[in-house]
Each structure stands twice: as C-alpha cells, then as structure tokens.
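Novice: Here it is, the structure, as structure tokens.
The values are calculated or read from the model by the stated rules, or taken from the named source; none is laboratory data. These figures come from a predicted structure and were not determined experimentally. A quick note on method: Cβ atoms are made from the backbone with ideal geometry, for glycine too, and the neighbour counts reach across all protein chains shown. Heavy atoms of the whole protein, side chains included, go into the accessibility calculation; ligands, DNA and RNA do not. Shrake-Rupley method; radii C 1.70, N 1.55, O 1.52, S 1.80 Å.
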Amino acid sequence: MFQSHSRQFSRPLRQIHPCRRVLHRYRNFPPSLLLGPPVTRDLDYCIHTDPVKSYRKMSSVSSTQKTINIAVIGVGLVGSEFIDQLLAFPSPSPFRIVSLCSSKRSLFSNTGLVFSPSGWKSDLSDSSSSSPVDIPSLTKGLASLVQPGQKVVLVDNTSSDDVAQLYPAFLRAGIEVITPNKKAYSGELTLYEDILAASLEAGARFLNEATVGAGLPVMSTLKDLVATGDRVVKVEGVFSGTMSYIFNNFSTGEASGPSFSSVVSVAREKGYTEPHPADDLNGADVARKLTILSRAIPSLRASLPHGFKSVQTTSLVPSALEGIAGGDEFIRRLPEFDAHFAELREGAAKEGKVLRFVGVVDVASGLIKADLEKYPNSHPFATSLGGSDNIIMFHTERYGARPLIVQGAGAGAAVTAMGVMSDLLKLV
C-alpha cells in the first residue's frame with residue numbers, strides 16, 4: 001500500500017511508480033542523490049497501471065528506438081524471475097540480452113543471445129554452448145557495445161561482494177549498473193564514493209531501487225523528495241520481512257502469546273528467515289538498508305564511513321548463542337531465552353504498545369539505528385502490518401502533519417525482480 005495524506009496526492013501513488021519518468025533537472029544536485037550523471041529529462045509522467053502501455057507511450061515520443069543491451073550476472077531465484085520478466089516483454093522491445101552468467105558458466109553474443117527451444121537455463125548449463133565465467137572479458141565485450149543510441153546495462157542479481165567491487169570498472173567503461181545487491185551501497189564509504197566518481201566521469205548511471213523494499217518504491221520516493229527540494233526530517237520503518245513476520249505474530253498488544261522461539265522456528269520453516277536465523281536476528285540486513293537510505297540524503301552521505309558496520313544496531317541474538325555455527329542447533333537452544341522476550345512483550349503490553357524491530361534515520365540528530373522499539377497499539381506499525389510486509393514512513397517538511405507511507409511485500413523473487421525491471425525501464 002502506498003498512502004499519502006496530502007490532498008495533492010489523493011490518487012493512489014502506486015499507479016505511478018513502475019513506469020514513471022520523473023522530470024527534473026538534476027544538473028545542480030550533488031552526486032550523493034544516487035541519480036548517476038547530470039541529466040535533463042522531459043516533464044512527462046506516464047501515469048498508467050500497465051507498464052506496457054507506458055513503455056509504448058514513451059516509445060511513440062521518440063523518433064528512434066534505443067537498443068538496450070543487457071548482461072545478467074546471477075541466475076538464482078531473483079535472476080531467473082528477472083530474465084523471465086524480460087523475455088515476456090512484448091514486441092517491439094528495446095531490450096536485447098547479450099550475456100547471461102551463473103556462478104560457473106556464461107553465454108555471450110554481441111548481437112544478442114538466441115535461445116534454443118529448451119530455454120535459456122538449458123543453454124547456460126550446456127558446456128558445448130557456454131563458457132567458463134570470465135568477468136574481465138565480459139567487461140571488455142560489453143564496453144565494445146557502448147555507442148550512441150545503444151546503451152549497455154549490467155544487471156547484478158547476486159549478493160556477491162566480488163561483483164560489487166567491480167561496479168566502478170563497469171561504470172567507467174560506460175556500462176550502466178542495475179542491482180538488488182546491497183553490498184556496494186552499504187559497505188565502505190570509499191567504494192561508494194568511487195562508484196559516484198566513476199558514474200560522473202563516464203556518464204553511466206547506477207540504479208538500486210530493489211536494494212531497499214524489493215519492488216516497493218522506496219529509493220525512488222526518497223530520491224524524488226530530495227531532488228524536488230523537500231527537506232527530509234526522518235525516515236523510519238520495518239525494513240525486514242523476517243523481523244516483520246516474527247513480531248507481527250509475537251507481539252500483538254496482548255501480554256501473553258506464542259513463545260519467541262516458536263515464532264522464529266515457524267518463520268524458518270516457511271522460508272522467511274535465512275537457514276541460520278541469527279543472520280536475520282542480528283539486525284545487519286536492516287543496517288545495510290539504513291546505510292543505503294542515508295547515503296541518498298546529502299547531509300548524511302558521509303556519516304557512515306564503514307557502511308552498515310557504523311550503524312547503531314541492536315542484535316536480538318542472545319550472547320550465549322553468538323558462536324553457534326549451525327541453524328538447527330541455534331533453533332534448539334533458542335527456547336532458553338523465551339522468558340527474556342516474554343518479559344519484553346509483557347512490558348510493552350502494559351503500556352498499550354507492541355514490539356517492532358525498526359530502522360530509523362533521524363536527519364536532524366544524525367542518528368541512524370536499527371533497534372527493537374515499542375509503538376502504541378494505534379500506530380501504523382501496529383495496525384497496518386500483516387505477514388512479512390515492510391512499511392516505511394517519510395517525515396518531511398512537505399509531509400509534516402502526516403508522513404508519506406509506503407507499505408507492501410518487501411521480499412520475494414517476483415517483487416524484487418519487478419524492482420530491477422522498473423529501474424531498467426527508467427533507461428528507455
């Protein structure tokens with residue numbers, strides 16, 4: 001759900017997002033806006049619920065259709081879904097897949113890949129038609145395709161640090177970068193600044209909508225607020241689908257309820273957690289998302305020199321369980337600490353509140369934290385969430401009385417791939 005409490009946005013904003021071509025003149029804005037190089041775009045909003053209609057509308061304005069050559073690295077759940085969405089795009093399509101890379105094999109054709117009747121997965125796994133992965137050669141091959149009227153885009157659907165470290169090289173070669181990979185934008189500030197510099201030098205853009213909230217319009221909303229001159233006061237929200245599910249079920253406003261360990265165990269069985277639940281309960285994922293958001297706000301861009309490690313983060317992993325390597329053993333031991341979490345729930349209930357694991361970016365104070373907080377039973381974080389939804393509130397000068405709220409599924413292959421696809425459509 002994408003809500004606005006301002007009359008000027010009485011229409012459902014969700015209708016605008018996937019195919020919106022924002023019209024702003026970014027020439028005088030700092031590179032920290034994550035908008036890539038300075039560009040000027042037409043005052044043109046494609047307000048359609050159907051992205052195909054929007055694309056056709058955009059194409060009709062241009063006298064010549066651009067060709068966008070796409071290389072996809074990572075063909076797991078999100079990567080496979082993205083490729084399927086890309087192949088399903090109707091003709092005439094500006095998109096041409098020139099490369100696919102798994103962790104072991106790759107396909108490349110500078111004129112565009114043509115898949116056999118058995119499909120791209122079969123072609124990629126076939127050693128007679130594919131070759132070992134060679135990223136330097138791929139970069140050289142993609143760079144040779146960069147020319148006027150023919151964009152080249154690298155779509156990184158991995159969670160690899162190694163690939164993220166190569167973003168500056170791709171950008172300097174004129175290759176645009178789109179990714180749901182949080183590593184490059186939430187790591188060391190030096191890498192992030194190198195990405196900014198490379199983008200400005202070569203005029204290649206990098207887009208990262210899907211790094212926060214999957215397909216939800218979180219990053220684009222924040223960038224637009226900043227670019228149009230609004231003053232962001234605070235961003236707060238439930239950014240983790242895992243934490244959302246756990247506390248929506250554990251803390252409902254009542255003093256009693258299911259044990260914390262049982263809720264975590266069910267979440268793991270349903271696939272909401274990582275194989276080792278500590279990887280979610282330690283708060284690192286939320287800290288990474290807060291880092292990405294804060295770097296889109298000019299005054300906070302350099303506030304986290306070591307990225308997510310600089311975020312004030314409260315881990316929910318009991319200290320006695322921090323050294324446990326296996327997820328099964330962690331789940332077996334977690335009931336030992338149910339009394340502690342039950343006490344927290346009871347204390348919140350006595351105050352008429354619920355527990356939620358939230359992320360906060362307070363611009364005025366410079367505080368950036370991921371923590372377990374208490375919210376009144378009437379608060380949107382208590383009343384609006386269901387399942388594993390994300391909810392993000394933007395408190396700004398324009399949205400002063402009531403914040404702008406973005407809510408919906410913040411995880412899953414289909415919606416994450418949609419976020420990647422929406423970034424790709426911005427390059428058309």
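Novice: Place a label point 7 angstrom from the Cα of Ser159 along the Cα-to-Cβ direction, then list the residues of region 277-312 whose backbone nitrogen is under 17 Å away.
Specialist: Output list for this probe position: 277-292, 308-309.
Novice: Taking every pair of distinct Cα atoms and averaging 1/r, then inverting, what Kirkwood hydrodynamic radius in Å comes out for region 219-410?
Specialist: Working: mean 1/r = 0.0580 Å⁻¹.
That comes to 17.3 Å for region 219-410.
Novice: Oh, and also: If we sort 118-128, 254-264 on the protection proxy, mean other Cβ atoms within 10 Å, highest first, what's the order?
Specialist: 254-264, 118-128
Novice: Another question, then. Got a sec to turn the phi values of region 149-154 into Karplus ³J(HN,Hα) couplings, 6.51 cos²θ - 1.76 cosθ + 1.60 with θ = phi - 60°, whole Hz, x for Gly and Pro?
Specialist: Listing the rounded values in order: x, 9, 6, 10, 10, 9 Hz.
Novice: Would you pull out the residues with amide H under 5 Å of Asn282's amide H, same chain only if 5 or more places away, H placed 1.01 Å from N?
Specialist: So Asn282 has HN proximity to Leu316.
Novice: Still on this model: Setting aside same-chain residues fewer than 8 positions from Lys151, which lysines have a Cα under 17 Å from its Cα?
Specialist: Cα-Cα hits under 17 Å: Lys66, Lys140, Lys426.
Novice: Determine ³J(HN,Hα), in whole Hz, for all residues of region 74-87 in sequence, where each value follows from phi through the Karplus function 6.51 cos²θ - 1.76 cosθ + 1.60 and θ = phi - 60°; x replaces Gly and Pro.
Specialist: x, 10, x, 4, 5, x, 5, 5, 4, 4, 5, 5, 5, 5
Novice: Here's another thing I want to ask about it. For Arg345, Arg333, write out the residues from largest to smallest accessible area, computed with a 1.4 angstrom probe and no ligands counted. Present the calculation step by step, with values, prior to reporting the outcome.
Specialist: Values: Arg345 15, Arg333 55 Å².
In descending accessible area the options line up as Arg333, Arg345.
Novice: Show me the ranking of peptides 315-326, 189-200, 142-153, 167-178 by mean Cβ neighbours inside 10 Å, starting with the highest. Each step should come with its number before you reach the end.
Specialist: Numbers: 315-326: 13.3, 189-200: 18.2, 142-153: 16.0, 167-178: 22.9.
Packing order, densest peptide first, comes out as 167-178, 189-200, 142-153, 315-326.
Novice: Determine the principal axes of the Cα atoms in region 121-211, then give the extent along each, sorted from largest to smallest and rounded to whole angstroms.
Specialist: Principal extents (largest minus smallest coordinate, Cα): 42, 31, 22 Å.
Novice: By accessible area of protein heavy atoms, probe 1.4 Å, what ranking do His276, His340 get, highest first?
Specialist: Numbers: His276 30, His340 100 Å².
From most accessible down to least: His340, His276.
Novice: Could you compute the FRET efficiency for Thr190 and Val146, with r as their C-beta to C-beta distance and R0 at 25 Å, rounded to 0.05? Walk me through the numbers before you get to the answer.
Specialist: Details: r = 26 Å, r/R0 = 1.04.
Computed FRET efficiency for Thr190 and Val146 comes out at 0.45.
Novice: Output the antiparallel fraction of DSSP beta bridges having both residues in region 219-410, as a percent to the nearest 5.
Specialist: Details: 26 of 28 bridges.
Expressed as a percentage, antiparallel bridges in region 219-410 total about 95.
Novice: Continuing with this model, one more query. Quote the accessible area belonging to Phe95 in square angstrom, nearest 10, computed with a 1.4 Å probe and with ligands, DNA and RNA left uncounted.
Specialist: 30
Novice: If the reach is capped at under 30 angstrom between alpha carbons, list the lysines near Lys270, excluding any in the same chain fewer than eight residues apart.
Specialist: Partners found: Lys104, Lys121, Lys182, Lys183, Lys289, Lys309, Lys353, Lys369, Lys374.
Novice: Over region 82-160, with a single point scatterer placed on each C-alpha, what log10 of the ratio I(q)/I(0) does the Debye formula yield at q = 0.11, 0.12, 0.21 1/Å?
Specialist: With one equal scatterer per Cα and no solvent, log10 I(q)/I(0) is -0.30, -0.35, -1.12.
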